[in-house]
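Undergrad: Pasting a structure below so you can have a look.
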Amino acid sequence: MSMWLGLDDTDYLDGGCTTLVFHELLEAIPCDYGKPRLTRLWPFASRRTRGNASLSVELFAGEEIIPWLDSYWNKKILPLAGNISSSHHSDRKQYPADPGMTLFHEQPDEDYYWKAVRGEVEYYKGGIQWGGNGRIGAAASCAWRENHPTWEGIAWRSGKRNVQNSVLSIVDKMEGTFLCRDPRNNRGLISPRGNCPVMFGVRATSYQTANDATKLLIAGSEPVTGYRIFTTNQASGDHIESVRSEIVVHKDVITGGHVLINDTYVAFSESGDVNKLCQWLKIGDRFDCIGLEYDGVIHIEGIKITESKIKTRPICSCGTRMKSMGKGQGVRCPKCKEIRENGWDISNRKPPIIGWAQPDPDKRRHLAKLSL
Ligand SMILES: [Zn+2]
């Protein structure tokens with residue numbers, strides 16, 4: 001018999017890392033199971049804890065697994081509830097861990113995943129559920145159908161966090177790994193900061209590559225306590241419903257260099273090329289963009305300039321720039337006095353970035369597509 005198990009929201013700043021709690025549960029569980037899955041959901045969900053990864057797995061077990069899970073929940077996971085720690089690095093409000101675990105005899109409706117990756121959702125009805133707010137992410141993870149998956153190999157440390165630079169270089173160059181390093185400064189992107197027990201998380205476009213890369217990295221790291229390869233919805237773009245096409249009618253550059261377009265679209269100063277393109281936009285320009293809406297404002301995650309025209313006075317056949325003779329009266333050459341009725345030359349303005357621009361690698365969402 002097959003069932004679906006989900007877990008979320010066990011983490012707080014100093015511990016409870018959801019991936020490790022889930023790994024330990026799988027180490028202990030007395031049944032066979034499928035490949036573990038890590039899903040990222042709507043980043044603006046209210047009350048979400050610091051990390052936003054939810055976990056799920058298919059279990060091959062009978063009803064006897066229910067009392068086992070119940071006991072494991074009470075002993076190992078429930079004690080994490082309510083843990084909170086203050087952050088010196090972030091002004092964001094920290095919510096206490098509010099773990100949730102779900103178990104379903106049948107995989108929940110796929111629709112629930114799509115709602116949870118694109119917006120706020122209520123608890124899923126049905127199945128067996130333990131705990132609080134984390135039940136939402138747990139059920140949503142179970143509902144994911146693995147459309148456009150990528151993989152992430154995660155290893156947990158026993159002591160110091162250190163991965164040899166030479167090994168990271170090899171893994172970075174492997175066909176199929178992605179976002180291992182920031183190409184601008186060569187800084188590694190695989191290791192988290194702070195107290196989190198993760199040694200590294202290496203992302204790849206195939207299971208095999210994630211597995212190979214993980215083994216290489218472990219050989220070049222301080223000791224790890226274990227590792228797993230998760231199937232993930234990272235880089236799927238699932239959080240974005242569609243591309244929006246707009247014309248610039250209003251543009252403000254606000255404090256800190258953030259750009260607000262048409263009072264609706266915001267490009268934060270940290271968003272690298274996205275912000276650069278928005279700074280460059282002029283009234284009348286056309287652009288396509290993708291982004292997440294929050295509180296009526298769309299946070300731009302990708303932008304492409306589709307049209308930007310510039311109007312200049314024509315150059316006369318003698319090589320001199322012509323001048324207006326007054327409103328609606330055409331232009332005249334100040335030198336040879338030639339006259340033209342059409343007072344403007346329209347040409348294309350070349351954007352500093354052609355095609356889609358995305359934020360810098362370290363500022364991208366886990367869900368963001370690799371290229372647009
Ligand atoms: Zn002339």
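The values are calculated or read from the model by the stated rules, or taken from the named source; none is laboratory data. Since we're looking at a predicted model, the values are computed, not measured. In this analysis, Cβ positions are derived from the backbone assuming ideal geometry, glycine residues included, and neighbour counts consider all displayed protein chains.
Undergrad: Condition (residue is charged (D, E, K, R), within 15 Å of the ligand (Cβ to nearest atom), closer than 30 Å to Arg286 by Cβ and not assigned by TED's automatic domain parsing to the domain that holds Asn275) applied to the stretch 333-340: is it met by at least one residue? Working first, answer last.
TA: Filtering the stretch 333-340 down to residues charged (D, E, K, R) leaves 335, 337-338, 340.
Filter once more, so that each one left must be within 15 Å of the ligand (Cβ to nearest atom): 335, 337-338, 340.
If we keep only those that are closer than 30 Å to Arg286 by Cβ too, we end up with 340.
Among the residues that remain, those that are also not assigned by TED's automatic domain parsing to the domain that holds Asn275 are: 340.
Within the stretch 333-340 (the criterion being charged (D, E, K, R), within 15 Å of the ligand (Cβ to nearest atom), closer than 30 Å to Arg286 by Cβ and not assigned by TED's automatic domain parsing to the domain that holds Asn275), the answer is yes, since at least one residue qualifies.
Results for (1) part of a strand (DSSP E or B); (2) among the β-branched types (Val, Ile, Thr); (3) surrounded by 11 or more Cβ atoms within 10 Å (Cβ to Cβ), shown as yes or no for each residue.
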site: Glu152; (1), (2), (3): yes, no, yes
site: Lys160; (1), (2), (3): no, no, no
site: Val171; (1), (2), (3): no, yes, yes
site: Arg184; (1), (2), (3): no, no, no
site: Ser191; (1), (2), (3): no, no, yes
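Undergrad: Let me ask something else. Among the residues that make up the stretch 289-309, is at least one of them part of a helix (DSSP H, G or I) and more than 16 Å from the ligand (Cβ to nearest atom)? Even if it seems obvious, please write down each step before you answer.
TA: We begin by selecting, within the stretch 289-309, every residue part of a helix (DSSP H, G or I); these are none.
No, because not a single residue in the stretch 289-309 is part of a helix (DSSP H, G or I) and more than 16 Å from the ligand (Cβ to nearest atom).
Undergrad: Next question. Taking the criterion of being part of a loop (DSSP other than H, G, I, E, B), touching a residue at least 24 places away in the same chain (Cβ under 8 Å) and within 16 Å of the ligand (Cβ to nearest atom), would at least one residue in the stretch 348-362 satisfy it?
TA: Scanning the stretch 348-362, I find no residue that is part of a loop (DSSP other than H, G, I, E, B), touching a residue at least 24 places away in the same chain (Cβ under 8 Å) and within 16 Å of the ligand (Cβ to nearest atom), so the answer is no.
Undergrad: Could I ask something else about it? Test of understanding: among Arg365, Arg313, which residue is within 14 Å of the ligand (Cβ to nearest atom), on the phi < 0 side of the Ramachandran plot and under 51 Å from the mean Cα position of the chain (by Cα)?
TA: On the way: Arg365 fails: within 14 Å of the ligand (Cβ to nearest atom).
After ruling out the rest, the residue left standing is Arg313.
Undergrad: Could you give every pair whose Cβ atoms fall below 9 Å, whose first residue belongs to the stretch 303-331 and is under 18 Å from Pro351 (Cβ atoms), and whose second residue is basic (Lys, Arg) and within 10 Å of the ligand (Cβ to nearest atom), counting only separations of at least 6 or pairs across chains?
TA: Note: pairs meeting the criteria are Thr312/Arg321.
Undergrad: Given (1) at positive phi; (2) within 16 Å of the ligand (Cβ to nearest atom); (3) buried (at least 18 other Cβ atoms within 10 Å of the Cβ), where does Gly319 come up short, assuming only one miss?
TA: It is condition (3) that Gly319 fails.
Undergrad: Do any strands (runs of 3 or more DSSP E) entirely within the stretch 224-279 hold 1 or more residues that are without any contact (Cβ under 8 Å) to a residue 40 or more places away in the chain and among the hydroxyl-bearing types (Ser, Thr, Tyr), and if so, which?
TA: 265-267
Residues checked against (1) charged (D, E, K, R); (2) crowded, with 17+ Cβ neighbours inside 10 Å; (3) at pLDDT 90 or above:
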position	(1), (2), (3)
Trp4	no, yes, yes
Leu55	no, yes, yes
Phe60	no, no, yes
Tyr72	no, yes, yes
Ala81	no, yes, no
Gln94	no, no, no
Leu103	no, yes, yes
Tyr112	no, yes, yes
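Undergrad: Still on this model: Among (1) in a loop (DSSP other than H, G, I, E, B); (2) surrounded by fewer than 17 Cβ atoms within 10 Å (Cβ to Cβ); (3) touching a Phe, Trp or Tyr at 6+ places or on another chain (Cβ under 8 Å), where does Gly284 come up short?
TA: With respect to (1) in a loop (DSSP other than H, G, I, E, B); (2) surrounded by fewer than 17 Cβ atoms within 10 Å (Cβ to Cβ); (3) touching a Phe, Trp or Tyr at 6+ places or on another chain (Cβ under 8 Å), Gly284 is out only on (3).
Undergrad: Could you tell me how many of the residues in the stretch 226-243 are of a type in the set (Ser, Thr, Tyr) and under 16 Å from Asp288 (Cα atoms)? Write out each step before concluding.
TA: Here is the first cut: in the stretch 226-243, the ones of a type in the set (Ser, Thr, Tyr) are 227, 231-232, 236, 242.
The next check asks that each one be under 16 Å from Asp288 (Cα atoms); those that pass are 242.
Total satisfying the criteria: 1.
Undergrad: Take the stretch 341-363 and flag every residue that is under 25 Å from Asp285 (Cα atoms) and charged (D, E, K, R). Give the derivation first.
TA: Quick first cut of the stretch 341-363, residues under 25 Å from Asp285 (Cα atoms) only: 342-360.
Residues satisfying the conditions are Asp345, Arg349, Lys350, Asp360.
Undergrad: Can you give me the number of residues within the stretch 266-313 that are β-branched (Val, Ile, Thr) and under 14 Å from Glu246 (Cα atoms)? Full working, then the answer.
TA: Our first condition is that a residue be β-branched (Val, Ile, Thr); within the stretch 266-313, this holds for 266, 274, 283, 290, 297-298, 300, 303, 305-306, 310, 312.
Filter once more, keeping what is under 14 Å from Glu246 (Cα atoms): 266, 283, 290, 298, 300, 303, 305-306.
The total comes to 8.
Undergrad: Here are some residues: Lys337, Lys304. Which one is exposed (fewer than 13 other Cβ atoms within 10 Å of the Cβ) and either more than 30 Å from Glu270 (Cα to Cα) or within 31 Å of the chain's Cα centre (by Cα) (or both)? Explain how you work it out, then say what you get.
TA: Numbers: Lys304 fails: exposed (fewer than 13 other Cβ atoms within 10 Å of the Cβ).
It is Lys337.
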